[in-house]
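The values are calculated or read from the model by the stated rules, or taken from the named source; none is laboratory data. Nothing here was measured: the structure is a model prediction, and the numbers come from that model. Note: ideal-geometry Cβ built from the backbone for every residue, glycine included; neighbour counts use all protein chains shown. Each accessible area value is taken on the protein alone, full model and side chains, heavy atoms only, with ligands, DNA and RNA left out. Shrake-Rupley method; radii C 1.70, N 1.55, O 1.52, S 1.80 Å.
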Amino acid sequence: MKKMVYMIKEYSIILLALILYLIIYFLDYDKFKFIISPHDSSFLEMFIVLPPIMILIGLINVWVSKDLMIKLMGENSGMKGSIVAFLLGTVGVGPLYMAFPVAIMFLEKGATFFNIFIFMGAWASIKVTQLLFEMQSLGVKYTLIRLLLNFINIVLTAAIINTSVSENEKRSLSKT
Amino acid sequence: MFTIILYIIIALTLLVSFFKSKEKTCQALKYAFTSLIELLPKLIGLFLIITILLSYLNTEFVSKILGENSGVLGVFIACLLGSIVIIPTMIAYPMAAELLKMGAGYAQVTVFITTITMVGLLTLPMEIEFFRKNIAIKRNVLAIFFAILSSAVVTIIM
């Protein structure tokens with residue numbers, strides 16, 4: 001029974017999407033044709049980075065021991081750990097939700113809660129690839145201003161979440 | 001371009017791993033595969049919905065809402081739009097540049113970009129699965145708050 005509920009939740013979004021497609025098909029056929037045509041290669045980007053990231057997670061899972069992770073980003077790694085987390089975030093590929101599995105993996109291996117939020121924050125807004133693209137589209141000055149703001153944003157968000165979440169809750173994540 | 005570099009790096013890493021330990025490498029690949037299978041349903045649903053949203057959310061439409069003098073209302077609409085969607089930055093940044101050209105203010109565009117990259121209503125279910133409701137919601141709310149704050153600062157500076 002529980003498995004069924006889980007399956008329904010998993011596939012409900014796909015179902016919702018398919019229903020929407022059906023609605024559009026009947027209400028606006030031209031739009032429907034447009035939507036299903038391969039008009040945008042940037043979506044391939046979403047899926048194309050998936051296999052490498054999954055393989056990366058697999059490799060980290062197998063090769064990075066808990067001791068190593070704790071040394072790098074764990075309890076007593078201090079500022080160095082946060083810097084490592086930040087740098088790792090900047091080399092991210094893909095949108096923020098790609099970072100979730102990686103972040104959880106880090107957490108399970110022993111990285112601190114604070115550090116993985118730094119990691120995700122950096123991945124979301126300060127990825128190197130993104131920065132370069134932003135400079136190209138919106139100018140260097142704007143990018144640098146936002147860079148600074150994002151940085152402050154990330155650190156503050158990580159700190160606030162870290163202090164406002166109970167130890168129990170933090171530990172419960174690793175059992176995912 | 002970067003994707004190619006990524007693939008090359010991963011391929012090389014796999015090779016090294018394979019030579020160091022066949023067994024561990026197979027374990028890693030198995031883990032990768034199972035993680036992928038778990039992730040896929042969530043991503044496919046997301047992808048399908050984003051495709052629909054983006055086909056309606058082209059630059060003309062957005063610029064009508066966020067155009068010149070859209071003011072504070074524009075900021076809130078930008079915030080709402082950006083929060084719901086998570087668009088690949090490849091699309092979002094050129095769109096933002098276009099919006100600027102068409103008269104949107106830096107405030108609206110900044111909120112738009114920040115919420116696009118950091119907040120995701122659509123990805124919330126997925127985030128909740130990884131981080132539980134409490135944390136996921138907190139993070140997104142904080143991100144929205146800082147997005148608006150950032151836009152205020154940017155407006156003053158630019």
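What residue, of B:Leu12, B:Leu73, is open to solvent by 90 Å² or more (accessible area, probe 1.4 Å), more than 21 Å from the chain's Cα centre (by Cα) and either in the same structural domain as B:Ala107 (by TED's automatic domain parsing) or of a type in the set (Ser, Thr, Tyr) (or both)?
When all the criteria are applied, what remains is B:Leu73.
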Could you list, in sequence order, the residues of the stretch B:16-42 that are facing chain A (nearest Cβ under 7 Å) and of a type in the set (A, V, I, L, M)? B:Ala28, B:Leu29, B:Ala32, B:Leu36, B:Leu39
Which of the residues spanning the stretch B:144-158 are at the interface with chain A (Cβ under 7 Å from one of its Cβ atoms) and open to solvent by less than 30 Å² (accessible area, probe 1.4 Å)? B:Phe146, B:Ser150, B:Val154
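Say we look at the stretch A:25-49 and pick out the residues that are part of a helix (DSSP H, G or I) and facing chain B (nearest Cβ under 7 Å); which of these is farthest from B:Thr34 (Cα to Cα)?
In this case the residue turns out to be A:Lys31.
Going by what's in this entry, would B:Ile91 be described as open to solvent by less than 10 Å² (accessible area, probe 1.4 Å), within 11 Å of another protein chain (Cβ to nearest Cβ) and among the aliphatic types (A, V, I, L, M)?
Details: open to solvent by less than 10 Å² (accessible area, probe 1.4 Å): no; within 11 Å of another protein chain (Cβ to nearest Cβ): yes; among the aliphatic types (A, V, I, L, M): yes.
No: the conditions fail for B:Ile91.
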Which of the residues spanning the stretch B:94-125 are open to solvent by 10 Å² or more (accessible area, probe 1.4 Å) and in contact with a Lys or Arg (Cβ under 8 Å, 6 or more places away or on another chain)? B:Pro125
The condition from (1) within 12 Å of another protein chain (Cβ to nearest Cβ); (2) touching a residue at least 12 places away in the same chain (Cβ under 8 Å) that B:Phe130 misses is numbered (2)
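Residue check: is B:Ala28 surrounded by 15 or more Cβ atoms within 10 Å (Cβ to Cβ) and touching a Phe, Trp or Tyr at 6+ places or on another chain (Cβ under 6 Å)?
Values: surrounded by 15 or more Cβ atoms within 10 Å (Cβ to Cβ): yes; touching a Phe, Trp or Tyr at 6+ places or on another chain (Cβ under 6 Å): no.
Criteria not met by B:Ala28.
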Step by step: first the residues of the stretch A:134-144, then only those that are out of contact with any Lys or Arg (no Cβ under 9 Å at 6 or more places or on another chain) and closer than 19 Å to B:Lys101 by Cβ, then the one that is farthest from the other protein chains (Cβ to nearest Cβ). Which residue is that? A:Val140
A:Ser125, sole failed condition from (1) more than 10 Å from every other protein chain (Cβ to nearest Cβ); (2) of a type in the set (Gly, Ala, Ser); (3) surrounded by 15 or more Cβ atoms within 10 Å (Cβ to Cβ): (1)
Any hit, the stretch B:122-140, residues being under 24 Å from A:Leu132 (Cα atoms) and of a type in the set (Ser, Thr, Tyr): no
